[in-house]
Structures are given as structure tokens and as C-alpha cells.
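The values are calculated or read from the model by the stated rules, or taken from the named source; none is laboratory data. Quick caveat, the model's predicted, so the values are computed rather than measured. Reconstructed Cβ throughout: ideal geometry from the backbone, glycine too, with neighbour counts over all protein chains shown.
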Amino acid sequence: MEKFDVLIIGGGVSGLSCAITLGSAESKMDIVENKKILVLDSGESHLNKAELYNVAGVKEGTKGKDLLVSMNQKANLYKIVETKKDTVTKVNNEDNEYLIETQSGEKYKAEIVVFATGMQTIEIEGIGSQIIKHIRAPRPGMIMIENDNGIIEDGKYVTGCAAGASSMFSSAAGYGAQTATDILSLWAGKYTVIHDVDTK
């Protein structure tokens, strides 16, 4: 059974943003070089149905599905990041790590699990927190995972719309990057932010 340092459930905006931010640290932090990050995506991101007009740095009219493809490709440029299509069904605590089971029958172990499941349907056994009414949803029936500043319990994070972000690309992406920053800081033992610096 393959083991990962971080397993991200959901390959939408926040999940991929989290993976990209973690991946970008591989050449900047020695402790990240040998980490393994897996993103498991069910393919249900709402971005697949979107057309974007209000995202800084993104051309107006960009199709959400095209942006997801681009983000997925970027995440996979980092050697420590891998993305797969599958649907997570269960997360179990097992000897200070997590056992993740999927619809296809695959099983993985992870030290850290990040729930990036969106705000419409969250059907995973073993989340470890309550599913509650979304605090920033413009439509009725939207849900989120109850959390304390993005943390469910030690080793379990929730990000993006599932954590309470509004359903806008920039909000969800920012949450994903924040979650990655919190994980990097945990590994470093102090608060750490990965900056891109002009080297010219």
C-alpha cells in the first residue's frame, strides 16, 4: 500500500492550489524534497461548468474546465506531486496515520489528509467533524465541514469551499494556498511562507 505525506481529497481549485503551493516548496525547503503529495479527484468540480470573468491574471472568458486542466498540469510539474482520478469513500485513523479507501478499491496511507471536497456533496465516511450549513453560500442547501481555522483534528485539514470559502475562484484558490502554507509551517516548526522572487 502506497504511503503519502499529504493526500488531498479533491482536484478542484482549492485542492490543486494546495498541491501547487506544496510542490513549489520542493526546491526551496530541504524538508520538502522527499515528500510525496497525492491528489485524488472525482472530476466533479463546479469549475468544469464555469466561465471566468473576475479572476485577476486570468483572461476574461476562460473556460473553467480549461483552467482546471492547466492547474492539474502545473501540479504535476513538481516531482513530489501526483494526481489521480478516483473518488474517496472512507478515511480511517490507523496508528497515528490515515488509511484512505476509494470507490475503485484502492487504499492509501497518509500522514496528513486535506478535504477539498467543495460545498455541494460531502459523502465520505470518517471525516471526523460535522457537516453543517455553509456560512458563505449564496444558494440554499450548500454545506461545509465544521473546522477550527481549517483544522478538523491533528493531521486532518479542510480547505476551500468545504472549509467555508465563498464559491469564487480566487477565494477557493487562496484557501488552498493557505492550507499548504499551514502544512509547510508544521513541517518547518515555524511559520513559513514560500515566496517567488525575481532572480534577475
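A single member of Glu106, Glu82, Glu101, Glu111 is over 18 Å from Ile152 (Cα atoms) and under 15 Å from the mean Cα position of the chain (by Cα), and it is Glu82.
Being assigned to a loop (DSSP other than H, G, I, E, B), touching a Gly at 6+ places or on another chain (Cβ under 6 Å) and aliphatic (A, V, I, L, M) is the filter here, so list the residues in region 102-152 that pass it. Result: Ala116, Ile135. Determine if region 167-180 includes at least one residue that is more than 28 Å from Val58 (Cβ to Cβ), modelled with pLDDT of 95 or more and β-branched (Val, Ile, Thr). The answer is no, given that none of the residues of region 167-180 is more than 28 Å from Val58 (Cβ to Cβ), modelled with pLDDT of 95 or more and β-branched (Val, Ile, Thr).
Inside region 181-200, residues that are touching a Ser or Thr at 6+ places or on another chain (Cβ under 7 Å), at pLDDT below 95 and of a type in the set (A, V, I, L, M) make up a count of 2.
Once region 19-47 is narrowed to residues that are over 11 Å from Asp5 (Cβ atoms) and aliphatic (A, V, I, L, M), the residue that is surrounded by the most Cβ atoms within 10 Å (Cβ to Cβ) is Ala19.
Looking across Lys79, Lys35, one residue alone is among the charged types (D, E, K, R), part of a loop (DSSP other than H, G, I, E, B) and in contact with a strand residue (DSSP E or B) (Cβ under 6 Å, 6 or more places away or on another chain). It is Lys35.
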